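Here's the structure, in structure tokens; my notes come after.
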Amino acid sequence: MNIRNFLDNQVSQALQAAGAKPGTSAIVKQSSRPEFGHYQANGVIGAAKQLKTNPREFAAKVIDNLDLSGIAETVEIAGPGFINIHLSQTWLSSLASEALNSESLNIDKTDKPDTVVIDYSSPNLAKEMHVGHLRSTIIGDAIARILEFTGHTVIRQNHVGDWGTQFGMLLTHMQDIEQDDQSLTMQLADLEQFYQAAKQRFDSDADFAQTARDNVVRLQSGDPEYLKLWQQFIDISLQHCEDIYHHLNVLLTRNDVMPESAYNNDLSSVVEDLNTHGLLSEDQGAQCVFLDEFKGKDGKIIPMIVQKSDGGYLYATTDLAALRYRHKTLDMTRGLYVIDARQSLHMKQVFAVGKHAGFVPQSTQLEHIAFGTMMGDDGTPFKTRSGGTVKLADLLDEARQRAFDLVTLKNPDLDEQNRRDIANSVGIGAVKYADLSKNRTSDYIFNWDTMLSFEGNTAPYLQYAYARIQSIFRKAGNLSQNHAIELNEAAEIQLTLKLLQFSEAIDSAAKDSAPNLLCNYLYELAGQFMHFYESCPILSATDAIKNSRLQLANLTANTIRTGLDLLGIAVLDRM
RNA sequence: GCGCUUGUAGCUCAACCGGAUAGAGCAUCGGCCUUCUAAGCCGAGGGUUGCAGGUUCGAGUCCUGCCAAGCGUGCCA
């Protein structure tokens with residue numbers, strides 16, 4: 001049940017019954033201030049303007065056509081012609097009971113399910129995952145979970161980079177130390193160092209460099225020995241990724257991996273298809289697509305190059321092949337690409353060329369879910385103190401360690417294993433939430449102290465609210481189900497209303513692929529709960545009130561758990 | 001040159017197809033632990049929403065022009 005949508009429908013119908021043009025929307029929103037009720041309709045004024053009538057008089061006519069008996073306590077005209085709706089407390093409490101008795105918290109599934117292909121994480125397997133992969137991985141994972149929850153068919157695609165010239169260098173280095181199996185396993189345990197070692201040989205040893213280049217050709221021509229070596233390297237690198245995904249509580253598995261190399265055999269036909277559609281033109285030896293829509297004020301068109309003058313293909317070609325595959329084989333109706341904002345021109349080109357070439361129908365909804373760069377305190381891209389890239393594994397270790405220190409400080413009596421477990425959820429949750437709670441389009445400043453202060457709008461705040469509720473339940477003993485919810489105190493009403501708005505938060509997060517909207521909601525919910533917790537004692541209240549408040553606490557816990565789960569963040573019974 | 005993105009409190013960020021008095025957290029200051037976990041709660045101060053115009057009942061939000069920053073822009077991904 002999405003209350004906003006429900007009221008919007010009701011008021012919109014009344015609006016049209018009162019004489020507004022068909023299709024006029026009531027624009028119902030949550031009220032901006034408590035004295036304006038629970039919801040306000042903003043569309044009446046504009047509709048009255050269109051009809052050239054007095055907004056307040058028109059609003060009265062709309063109310064005459066609006067029947068919210070049993071739902072609204074009062075419906076009133078305010079200001080220049082707003083309609084303020086105060087919901088009935090009995091309606092709110094009955095909705096809360098319904099949510100409590102529903103598996104899905106009474107959240108509606110979409111009536112227009114899409115097959116959404118979501119491309120996220122997509123690291124390059126030549127190196128170890130670093131902080132540059134963090135945002136795509138956790139934002140994409142949250143969006144995938146949210147869309148799945150709202151009833152869409154979600155197909156995850158981890159478009160890993162497993163092909164390219166660096167592999168010649170890596171495999172050659174690997175081959176040289178393969179004789180000693182033990183040593184190889186050890187060296188591959190740190191892929192970053194392995195890459196650096198191979199790179200150093202490549203740069204300083206001309207013979208090695210030549211062998212590496214020859215080996216790229218051997219690999220690409222399908223030499224079985226080299227393919228075997230390559231497969232071995234890829235397996236190990238993927239295992240590194242899976243370890244990270246596991247620690248991060250990200251749902252990607254090996255089944256979701258659809259590597260670049262999988263499209264190798266499609267690339268030439270992509271170029272042929274473009275030619276068939278008359279999109280291809282040769283320029284300075286390269287095969288290009290020039291589209292008018294990429295023409296600037298200066299009259300120049302930025303082309304998309306799909307084949308180099310030496311005959312090699314580019315990532316644009318691979319992306320087009322992937323697009324075609326996602327339509328033909330996966331039946332995608334909506335495609336989301338959770339990729340760095342710097343690729344926005346590239347994504348626009350892929351989408352435009354893909355549609356012109358008929359790789360996907362015009363109706364397919366293709367979206368670049370862009371996000372900003374992760375910055376350090378100084379406003380430059382996030383690096384280690386010595387200027388190197390930060391390995392994701394190290395970053396997560398630090399988060400867990402810092403959280404462990406804090407848990408130990410706050411709760412020294414818990415045994416160590418317990419504190420480790422709590423620290424894992426708190427540390428990882430804090431890292432993810434800090435990112436997810438921000439509007440993804442702007443650059444993101446990563447700061448340990450802000451993130452792991454564990455105060456204010458952070459994952460631990462939400463986890464703490466949940467842990468407090470669990471503590472109450474432990475003390476309350478058996479929880480009687482299905483007890484009536486009585487709303488008397490302002491804090492109870494506000495909490496209930498907020499609980500019932502979970503559906504609205506999920507819908508807006510799904511619509512805009514914006515997990516931060518869900519974060520905002522959960523933070524406000526936890527805040528409402530904290531307020532309720534302080535002002536409405538539960539266990540010491542009389543039975544009727546105690547049971548009622550326990551129901552509210554229970555629904556709050558279910559909502560926080562579900563909401564955090566959609567973000568890929570765990571809850572804790574104690575912390 | 002052209003294009004994309006961003007500019008809101010000292011700092012990090014919100015503000016839901018334009019809505020009523022622009023909200024939080026951190027930091028600062030002041031209160032609250034014999035009462036369900038103080039990782040909490042209550043309160044105070046802090047703003048010309050980069051600048052200038054425009055559109056209208058109403059603009060942080062839309063349009064135009066400037067300013068500033070970042071990124072991208074034919075054979076890396």
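The values are calculated or read from the model by the stated rules, or taken from the named source; none is laboratory data. Note that the coordinates shown come from a computational prediction; the quantities given were computed from them, not determined experimentally. Glycine gets a Cβ as well: all are built from the backbone with ideal geometry, and neighbour counts include every protein chain shown. SASA here: full protein model, heavy atoms, side chains in, ligands and nucleic acids out. Shrake-Rupley method; radii C 1.70, N 1.55, O 1.52, S 1.80 Å.
So the values come out like this:
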{"quantity": "Selection from region A:27-41 of residues that are within 30 Å of the chain's Cα centre (by Cα), within 8 Å of RNA strand B (Cβ to nearest atom) and not small (G, A, S)", "calculated": "A:I27, A:V28, A:K29, A:Q30, A:R33, A:Q40"}
{"quantity": "Whichever residue in region A:67-93 is open to solvent by less than 70 Å² (accessible area, probe 1.4 Å) and part of a loop (DSSP other than H, G, I, E, B) and, among such residues, is nearest to A:T150 (Cα to Cα)", "calculated": "A:I71"}
{"quantity": "Failed criterion for A:S508 (all others in (1) in a helix (DSSP H, G or I); (2) closer than 30 Å to A:P381 by Cα hold)", "calculated": "(2)"}
{"quantity": "A:A96 in contact with a helix residue (DSSP H, G or I) (Cβ under 9 Å, 6 or more places away or on another chain), open to solvent by less than 40 Å² (accessible area, probe 1.4 Å) and either outside any helix (DSSP H, G or I) or free of Cβ contacts under 8 Å to residues at least 40 places away in the same chain (or both)", "calculated": "no"}
{"quantity": "Total residues in region A:276-313, condition surrounded by 10 or more Cβ atoms within 10 Å (Cβ to Cβ), near RNA strand B (Cβ under 6 Å from one of its atoms) and among the acidic types (D, E)", "calculated": "1"}
{"quantity": "Residue satisfying condition, being under 23 Å from the mean Cα position of the chain (by Cα), among the acidic types (D, E) and farther than 23 Å from A:L566 by Cβ, within set A:E178, A:E128, A:E148", "calculated": "A:E128"}
{"quantity": "So A:M258, is it surrounded by 14 or more Cβ atoms within 10 Å (Cβ to Cβ) and within 30 Å of A:I146 (Cβ to Cβ)", "calculated": "yes"}
{"quantity": "Residues located in region A:414-447, provided they are more than 11 Å from RNA strand B (Cβ to nearest atom) and open to solvent by 90 Å² or more (accessible area, probe 1.4 Å)", "calculated": "A:E416, A:Q417"}
{"quantity": "Any pair with Cβ under 7 angstrom, 6 or more apart, that starts in region A:556-575 at a residue that is at positive phi and ends at one that is within 12 Å of RNA strand B (Cβ to nearest atom) and open to solvent by 10 Å² or more (accessible area, probe 1.4 Å)", "calculated": "none"}
{"quantity": "Of all residues in region A:326-349 being of a type in the set (V, I, T) and closer than 21 Å to A:A142 by Cα, the one that is farthest from RNA strand B (Cβ to nearest atom)", "calculated": "A:T333"}
{"quantity": "Options A:L462, A:L414, A:L406, A:L396; residue that is out of contact with any strand residue (DSSP E or B) (no Cβ under 9 Å at 6 or more places or on another chain) and in a loop (DSSP other than H, G, I, E, B)", "calculated": "A:L414"}
{"quantity": "Failed condition for A:T450, given (1) within 26 Å of A:E148 (Cα to Cα); (2) within 12 Å of RNA strand B (Cβ to nearest atom)", "calculated": "(1)"}
{"quantity": "Matching residues in region A:391-423 - criterion: being touching a residue at least 60 places away in the same chain (Cβ under 8 Å) and within 22 Å of the chain's Cα centre (by Cα)", "calculated": "A:K391, A:L392, A:A393, A:L395, A:L396"}
{"quantity": "Test: residue in region A:545-560 that is closer than 17 Å to A:A99 by Cα, at pLDDT 95 or above, within 13 Å of RNA strand B (Cβ to nearest atom) and among the basic types (K, R)", "calculated": "yes"}
{"quantity": "Selected residue [hydrophobic (A, V, I, L, M, F, W, C), modelled with pLDDT under 95 and out of contact with any Asp or Glu (no Cβ under 9 Å at 6 or more places or on another chain)] from A:L188, A:L267, A:L184", "calculated": "A:L188"}
{"quantity": "Per-region count, region A:365-398, residues away from RNA strand B (no atom under 12 Å from the Cβ) and either open to solvent by less than 30 Å² (accessible area, probe 1.4 Å) or not acidic (D, E) (or both)", "calculated": "16"}
{"quantity": "Test: A:A209 is farther than 24 Å from A:K391 by Cβ, open to solvent by less than 60 Å² (accessible area, probe 1.4 Å) and modelled with pLDDT of 90 or more", "calculated": "yes"}
{"quantity": "Which listed residue, of A:T185, A:T172, A:T165, is open to solvent by 10 Å² or more (accessible area, probe 1.4 Å), in contact (Cβ under 8 Å) with a residue 24 or more places away in the chain and of a type in the set (S, T, Y)", "calculated": "A:T165"}
{"quantity": "Where A:P259 falls short, out of the listed (1) of a type outside the set (F, W, Y); (2) more than 11 Å from RNA strand B (Cβ to nearest atom); (3) under 24 Å from the mean Cα position of the chain (by Cα)", "calculated": "(2)"}
{"quantity": "Where A:S136 falls short, out of the listed (1) open to solvent by 60 Å² or more (accessible area, probe 1.4 Å); (2) within 15 Å of RNA strand B (Cβ to nearest atom)", "calculated": "(1)"}
